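> Attaching a single structure in structure tokens format; questions to follow.
The values are calculated or read from the model by the stated rules, or taken from the named source; none is laboratory data. Small disclaimer: the values here were computed from a predicted structure and weren't measured. Cβ: placed from backbone, ideal geometry, glycine included. Neighbour counts: every protein chain shown.
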Amino acid sequence: MNRIRRHTHLNTLLFFTIISIGILILISSLLMFYQTYQQVLLQNARTNSQRTISQVSNTVNGYLEEIDTVMEILLASLKEDPDARESFFDVFFRIRPDVIAVSTYAPSGQMLECYSAGRIPRKDQSENLSLDLAVLSVSPEGYLSSPHVVNLFDSYYPWAVTLVRRLSEDPAAGWISLDISCSNLSDYINETGIGRRGYCFLMDRNGNMVYHPQQQLIYSSLKTENTALISGNEDGSYTADNIIYTVQTLANEQWRVVGVSFAADVISDSLVELGRLLLLAALLLLCMVFIISAILSRVLSRPIRNLEQAMQRFEQDTDHFLLVPYEKGIYEIRNLYDSFQHMTQRVKELMQTVREEENNLRRTELKALQAQINPHFLYNTLDSISWMCEQGKNEEAVQMVTALARLFRISISRGHELIPIRNELEHARSYLQIQSVRYQDQFTYTFDVDEECLDYLCNKITLQPLIENSLYHGLNGLVDDGEIRICVRSEGDQILMSVADNGSGMSEEQIRFVMSKDPGESKGIGLRNVSDRLRIFFGNQYTVTIRSIPDKGTTVTVHLPKILEETDYEATN
Amino acid sequence: MKPRINRISFLLFLLTGLLLFLSACGMRRPDSNQYKVFLIAKSTQTEFWKSVFAGANAAKTEYNMDLHILGPETEEDYEGQNALIQQAVKEGADAIVFSAISYTNNAPSIDEAARSGVKVIVIDSDVDSSLVSARIGTDNIQAGRMTASAVLEVCPDPMIVGIVNFAQVSKNGEEREKGLREELEKDPRTGKLLTINVITGQEEALQETIRFLQEHPEINTLVALNEPLAVGAALAVDDLDLSDSVRLVAFDSNPICIDKMREGVVSALIVQNPFAMGYLGVEAAWKLLEGQTFNPDRLIDTSTTIITPETMFTEEGQKALFFFQ
């Protein structure tokens, strides 16, 4: 488990890949969206501001027109009977509570009359702020003042704007001034908001403040407006220091309405909105990733993981491994499962086969060895030797003993199964030597060996059983001299070793019987043993063939691969 | 392996949820969460204080706060102010914008309020407390010096100065007189400096000043150090018909004083900026409650202007003298 933990898991990989790709797409699309959104918002803010300012200008224009109308009425009434004036002004001030005072002046600027709502003007009017002769010298037809303090009265100093006009068409006539409180104007301006914090104010052409919603803050130097910048510009909308200024000049050409709105408001609001959107999208993405990873885990990573675990189990305990079949899910994974299942079955079969063959080999080898130590053979041989000794045939006895010793040495061959053909021939020769002594030269034997084959390997005790068969079955009933011919030759990539006799031969049936006879049933080791060992070692194509003609003889041929090293045989398999 | 992934995912999920929640919370401040601010003034009657309230209301509107304006019966009633402080704390004030009648006698109440977690901002006149968070107002010593310079502009030689100061031990009056005396004593024309302390009220000031001028007929220069005193002194000089022989320099911009200035009774007015005090005081309360800090040992000086009959109707003079409504 530790070994697995250190590695990246498929599930984790999928999870984080989906998350990072999702977030990347999300952020980039939101950023792009934000860029365009911001532009649109700014444009919207400007349009909004312009619309608002145009409304305010209309209202203020209307207000100024209204004052002009009031002035017309005043001028008309002043031309009428002076006796009716008292009652006229009585009504007038009641209708227009925003009018502070109406004053008339001689052409010199000397105050003639002053009417107000119940207030008595001061006697000394030397510094009257309601009539500015300096301005009149520039515009003799009259003017609209900026806000100023009305100082016509005692202990009452309201702020007002003053409209000044000539009393009549006559250029030598005096003037009339109308002091109007800023309250109506301030109502319009104060109520106008642009965006969250935006507002508007009135200024004159020179950038002097006329009315500001926070006029007193400006008078107290707690707030400033960048009027210098605005007065230098034409009407329109422009941005400075993240503030959108919208300017429109009023119909009187004197005052301008300025709208102030904050781009930062628009942007920060949209940023907050965007942030909320981003979070929502991230949350949705997360949910989606959960679902997707759950699905992927079900259809992809879980089966793969199961497969991986199955492989581990297979690795640890092949014999008892049983794969749970996987029937639904993705085609590829199902295929993988099937292939794995086939593979495990095949491996199990193969292992079974190998194990069985190993057992067989061990058994047949043992049989071959047991056959060598066949007690009858040993007794007979030893009898022969003892008989020779008695007869004084010491020379022959020595030969016999030597042959027997060689026979056994080669049989054992230090446990090797494969021995050089040279040795195998030596073994066969020793055996024949012993047997020919025993059978009193009833048969002859010849060797026909291709010299170049001598170094190749063959299974030990291959020729001896065949010779034994020829002696006991082929030549046994023969009156004439039997003949055994042992032949070794190379043919293509094979080596053929054959034992031929001129004995009684076998019928087809006999051949089949001999080939199929279970090695366990016979005393000797027989053909079956030889052919089994050949097959186990070199494969099915290497075998023993029998060619036999009844009453003529039998030839048994062993087919061998050309092998020089004992380990080479595995390669041929 | 699977439980681990689930745990990570679960944590991520929680984290995102938390973020969403927090951001949703941070995005809007409910209106019910307004800061509750009390402005406790020295008076609710004078033009000066009306201006302060106008400034405070402007800031209240701008910063969307719950502002309560309170003041005692008279400008001597520090006990009334202490009671108002306790009332404000009881009503759950987040901040108190305070102007002390008494430098010393208001201190314990202010300390107590500050200790209970209320931010205290002092405007106009100071209180002897180390727990005040910000101080805003006129630099009174400087205002005293300005008064001296205005006096020296108009005074005859030699001059005998009568100072009409408040009766209550107030830091404002003390400092103004200190600055005034310092400057005047430097000038060779200064003969004598006399002071009377008068209860801060128009009527009292009028009577006391008349008595003062009658007791000391040698006085040719009169200085009144706050608005009610200024009105009283101006009326006294007018009543005694001494406007030709006595120069009057007075504080603040009461309309009566302005009238008297136009009539030639008042030679100069030292005009403070009460609107700014009110506005900045309440604004400071908001800033403090939002986590900003001020140095309470450094006064935030609101501007002070000298207005003379020549400058009173200039553009700047109008702005300084007359409140825009």
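> Mind listing whichever residues of region A:293-342 are more than 26 Å from the chain's Cα centre (by Cα), touching a residue at least 12 places away in the same chain (Cβ under 8 Å) and either within 14 Å of another protein chain (Cβ to nearest Cβ) or outside any helix (DSSP H, G or I) (or both)?
Selection gives A:Thr318, A:Asp319, A:Phe321, A:Leu323, A:Val324, A:Pro325.
> Please determine, by comparing only the residues of region A:157-192 that are of a type in the set (Val, Ile, Thr) and more than 14 Å from chain B (Cβ to nearest Cβ), which one is nearest to the chain's Cα centre (by Cα).
Restricting to residues being of a type in the set (Val, Ile, Thr) and more than 14 Å from chain B (Cβ to nearest Cβ), the top hit is A:Thr192.
Conditions tested, residue by residue: (1) facing another protein chain (nearest Cβ under 10 Å); (2) of a type in the set (Gly, Ala, Ser); (3) within 19 Å of the chain's Cα centre (by Cα).
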site: B:Pro274; (1), (2), (3): yes, no, yes
site: B:Trp286; (1), (2), (3): no, no, yes
site: B:Gly291; (1), (2), (3): no, yes, no
site: B:Ile300; (1), (2), (3): no, no, yes
site: B:Glu316; (1), (2), (3): yes, no, no
site: B:Lys319; (1), (2), (3): yes, no, yes
site: B:Phe324; (1), (2), (3): yes, no, yes
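> Also, quick follow-up: Filter region B:246-256 down to residues that are more than 18 Å from the chain's Cα centre (by Cα) and within 14 Å of another protein chain (Cβ to nearest Cβ), then give me how many there are. Please lay out each step first, then the result.
So the first thing to find is which residues in region B:246-256 are more than 18 Å from the chain's Cα centre (by Cα), and the list is B:246-249, B:255-256.
Filter once more, keeping what is within 14 Å of another protein chain (Cβ to nearest Cβ): B:255-256.
Residues that pass the stated criteria total 2.
> Related question: Identify all residues within region A:433-453 that are aliphatic (A, V, I, L, M) and touching a Leu at 6+ places or on another chain (Cβ under 9 Å); write none if there are none. Even if it seems obvious, please write down each step before you answer.
Initially, region A:433-453 is screened for residues aliphatic (A, V, I, L, M), giving A:434, A:437, A:449.
Correct list: A:Ile434, A:Val449.
> Moving to a separate point now. Taking A:Thr249 and the conditions (1) more than 11 Å from every other protein chain (Cβ to nearest Cβ); (2) at pLDDT 80 or above; (3) within 50 Å of the chain's Cα centre (by Cα), which numbered condition does it fall short on, given that it satisfies the others?
Checking A:Thr249 against (1) more than 11 Å from every other protein chain (Cβ to nearest Cβ); (2) at pLDDT 80 or above; (3) within 50 Å of the chain's Cα centre (by Cα), the one that fails is (3).
> Test each condition in (1) away from chain B (no Cβ under 13 Å); (2) in contact with a helix residue (DSSP H, G or I) (Cβ under 9 Å, 6 or more places away or on another chain); (3) surrounded by fewer than 21 Cβ atoms within 10 Å (Cβ to Cβ); (4) modelled with pLDDT of 85 or more for A:Leu129 and report the one that comes out false.
(1)
> Being more than 24 Å from the chain's Cα centre (by Cα) and within 14 Å of B:Leu225 (Cβ to Cβ) is the filter; apply it to region B:172-208 and report the residue that is surrounded by the most Cβ atoms within 10 Å (Cβ to Cβ). Spell out the reasoning first.
Taking region B:172-208 first, the residues more than 24 Å from the chain's Cα centre (by Cα) are B:184-194, B:207-208.
Narrowing further to those that are within 14 Å of B:Leu225 (Cβ to Cβ): B:184, B:193-194, B:208.
Numbers: B:Leu184: 25, B:Leu193: 17, B:Leu194: 15, B:Glu208: 21.
Among residues in region B:172-208 that are more than 24 Å from the chain's Cα centre (by Cα) and within 14 Å of B:Leu225 (Cβ to Cβ), the one surrounded by the most Cβ atoms within 10 Å (Cβ to Cβ) is B:Leu184.
> From the list B:Asn57, B:Asn64, exactly one residue is at pLDDT below 90 and not charged (D, E, K, R). Which is it? Before the answer, list the steps.
Details: B:Asn57 fails: at pLDDT below 90.
Criteria check complete, one pass: B:Asn64.
> Give the residues of region B:66-94 that are touching a helix residue (DSSP H, G or I) at 6+ places or on another chain (Cβ under 6 Å) and among the hydrophobic types (A, V, I, L, M, F, W, C), sorted by residue number.
Hits for region B:66-94 are B:Leu67, B:Ile69, B:Leu70, B:Ile85, B:Val89.
> Something else now. Name, by its number, the condition in (1) closer than 23 Å to A:Arg533 by Cα; (2) surrounded by 13 or more Cβ atoms within 10 Å (Cβ to Cβ) that does not hold for A:Gln352.
Answer for A:Gln352: the failing condition is (2).
> Check off (1) under 18 Å from A:Gln254 (Cβ atoms); (2) at pLDDT 85 or above; (3) within 14 Å of another protein chain (Cβ to nearest Cβ) for A:Asp154 and give me the number that stays unchecked.
Against the list (1) under 18 Å from A:Gln254 (Cβ atoms); (2) at pLDDT 85 or above; (3) within 14 Å of another protein chain (Cβ to nearest Cβ), A:Asp154 comes up short only on (1).
> Given the condition in the same structural domain as B:Ile210 (by TED's automatic domain parsing), assigned to a helix (DSSP H, G or I), out of contact with any helix residue (DSSP H, G or I) (no Cβ under 9 Å at 6 or more places or on another chain) and among the hydrophobic types (A, V, I, L, M, F, W, C), answer yes or no: does some residue in region B:163-175 qualify? Step through it out loud before you land on a result.
Step one: list which residues in region B:163-175 are in the same structural domain as B:Ile210 (by TED's automatic domain parsing), which gives B:163-175.
Going one step further and asking which of them are assigned to a helix (DSSP H, G or I), we end up with B:171-175.
Remaining after also requiring out of contact with any helix residue (DSSP H, G or I) (no Cβ under 9 Å at 6 or more places or on another chain): none.
Checked region B:163-175: no residue is in the same structural domain as B:Ile210 (by TED's automatic domain parsing), assigned to a helix (DSSP H, G or I), out of contact with any helix residue (DSSP H, G or I) (no Cβ under 9 Å at 6 or more places or on another chain) and among the hydrophobic types (A, V, I, L, M, F, W, C).
> For B:Arg262, state whether it is buried (at least 17 other Cβ atoms within 10 Å of the Cβ) and farther than 29 Å from B:Phe313 by Cα.
Working: buried (at least 17 other Cβ atoms within 10 Å of the Cβ): yes; farther than 29 Å from B:Phe313 by Cα: no.
No.
> In region A:210-233, which residue that is within 13 Å of chain B (Cβ to nearest Cβ), of a type in the set (Ser, Thr, Tyr) and buried (at least 16 other Cβ atoms within 10 Å of the Cβ) is farthest from B:Thr302 (Cα to Cα)?
A:Tyr211
> While we're looking at this one, here's another question. Does A:Phe290 satisfy being in contact with a strand residue (DSSP E or B) (Cβ under 9 Å, 6 or more places away or on another chain) and within 14 Å of chain B (Cβ to nearest Cβ)?
On the way: in contact with a strand residue (DSSP E or B) (Cβ under 9 Å, 6 or more places away or on another chain): no; within 14 Å of chain B (Cβ to nearest Cβ): yes.
So A:Phe290 fails the test.
> I'm trying to understand the selection: among the residues of region A:388-429, which are under 20 Å from A:Glu565 (Cα atoms) and among the acidic types (Asp, Glu)?
A:Glu417, A:Glu424, A:Glu426
> Looking at region A:163-198 only, could you name the residues that are polar (S, T, N, Q) and farther than 16 Å from A:Glu113 by Cβ?
Pass one, region A:163-198, residues polar (S, T, N, Q): A:168, A:177, A:181, A:183-184, A:186, A:190, A:192.
Within region A:163-198, A:Ser181, A:Ser183, A:Asn184, A:Ser186, A:Asn190, A:Thr192 qualify.
Condition check ((1) within 14 Å of chain A (Cβ to nearest Cβ); (2) not in a loop (DSSP other than H, G, I, E, B)) across all residues:
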| position | (1), (2) |
| --- | --- |
| B:Leu193 | no, yes |
| B:Glu204 | no, yes |
| B:Ile210 | no, yes |
| B:Ala233 | no, yes |
| B:Asp244 | no, no |
| B:Ile258 | yes, yes |
| B:Leu269 | yes, yes |
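> Further, regarding this structure: Considering only region A:1-103, give the helices (runs of 4 or more DSSP H) lying wholly within it that have at least 3 residues that are away from chain B (no Cβ under 14 Å).
Details: elements: A:2-5, A:10-79, A:82-95.
The qualifying helices (runs of 4 or more DSSP H) are A:10-79, A:82-95.
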